[in-house]
Amino acid sequence: MNLALLHTSPVHVPVFDALRDTDHPGLALGHVVREELLERARAAGPDSVTDDVRTLLKAAVADGADVVLCTCSSIGGIAEELSAEAGVPVLRVDRPMAALAVAEGPRVVVVATTHSTLGPTAALVEEEAARAGRPADVRTVLVEDVWDLFLAGDRETYLDRVAAALDGLTGDEADAIVLAQASLADAAGRTRTTVPVFSSPRTGLAAAAEECARTRSA
């Protein structure tokens, strides 16, 4: 395996497999799904799953991973911080998305359906703005009462409700919209907003594929 993906929902497995087949044919993926990590992070904060993430990273490396990509924004920062300890690059899927968003302008709206994702993603956007030497005015929007739809497998209603929330955002108040969870990516194609909308799966996987190529050639 070249690239291990750490997920907190099984719905992301076919999404990233399809992106691999389209954009990076030949890239070997291994999927690790631990749904309980997100539920614990939501209940007790991301730091509560640090030891578990550490164990999963070590196991992925032992299984042959050259690079690990964490696709959960709630725990992505924890995974990234453990990169040196893991001994391989550990990337968070939303960092490339954040970098693209801040290039659009300082007013970035972070949209999520669960509280645990808002803080880490807003902090990431501010970090990427500072790295680029750009100002950042980050606002967060929680689309309430829809997370249970995702858990129940009602993906269509879930995405429609998120898209409706995006419809209310205009260029008068935002330069860019960041979809803080990978599960929200397809809402970008359903919204009528004219504000640029950024999601994480495609750009995150591309960054991980590039890191795999660098690791292999080193």
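The values are calculated or read from the model by the stated rules, or taken from the named source; none is laboratory data. Nothing here was measured: the structure is a model prediction, and the numbers come from that model. Cβ coordinates were reconstructed from backbone atoms using ideal geometry, including for glycine residues, and neighbour counts include every protein chain displayed. SASA here: full protein model, heavy atoms, side chains in, ligands and nucleic acids out. Shrake-Rupley method; radii C 1.70, N 1.55, O 1.52, S 1.80 Å.
Cβ neighbours within 10 Å, averaged per peptide: list 182-194, 71-83, 106-118 in order, most packed at the top. Working shown, then result.
Details: 182-194: 18.5, 71-83: 24.2, 106-118: 22.3.
Sorting 182-194, 71-83, 106-118 by mean packing, highest first, produces 71-83, 106-118, 182-194.
List the relative contact order of the chain as a percent without decimals, with contacts defined as Cα pairs under 8 Å and 6+ residues apart. Numbers along the way, then the final one.
On the way: 413 pairs, mean separation 47.5, N = 218.
For the chain, the relative contact order is 22 percent.
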Excluding ligands, DNA and RNA, the carbon-plus-sulfur percentage of the accessible area of the stretch 105-218 with a 1.4 Å probe reads 48 percent
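Net charge around Asn2, counting only other residues with Cβ within less than 13 Å of its Cβ (Lys, Arg = +1; Asp, Glu = -1)? Each step should come with its number before you reach the end.
Numbers: positive: Arg20, Arg214, Arg216; negative: Asp63, Asp66, Glu210, Glu211.
Once positives and negatives cancel, what remains is -1.
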Expected unfolding gain across Arg131-Asp167 under the 0.36 nm per residue rule, minus the alpha-carbon gap, is 10.0 nm
Net charge (Lys, Arg +1; Asp, Glu -1) of residues whose beta-carbon lies under 10 Å from that of Tyr158, Tyr158 excluded, is -3
For the stretch 1-81 the mean separation of alpha carbon contacts under 8 Å (6+ apart) over residue count, i.e. relative contact order in percent, is 44 percent
Under the 7 Å Cα-to-Cβ spin-label approximation, His115 and Asp21 lie apart by a distance in nanometres of 4.0 nm
Site Val11, offset 7 angstrom along Cα→Cβ, radius 20 Å on amide nitrogen, limited to the stretch 130-158, gives 141-158
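Could you order the peptides 134-141, 159-166 from most to least packed, using the average number of other C-beta atoms within 10 Å per residue?
The packing order, highest mean first, is 159-166, 134-141.
Label the stretch 76-166 by shape, choosing from rounded, prolate and oblate, from the square roots a ≥ b ≥ c of the eigenvalues of the Cα gyration tensor; if a/c is under 1.5 it is rounded, and otherwise prolate applies when a/b is larger than b/c, oblate when it is not. Present the calculation step by step, with values, prior to reporting the outcome.
On the way: a/c = 2.59, a/b = 1.32, b/c = 1.97.
Oblate is the answer for the stretch 76-166, as a/c is 1.5 or above yet b/c matches or exceeds a/b.
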Options [x] 115; [y] 179; [z] 137 for volume of the Cα convex hull per residue in Å³; the value derived from the coordinates is listed as [x]
In whole angstrom, the spacing between the Cα centers of the stretch 142-196 and the stretch 1-29 equals 23 Å
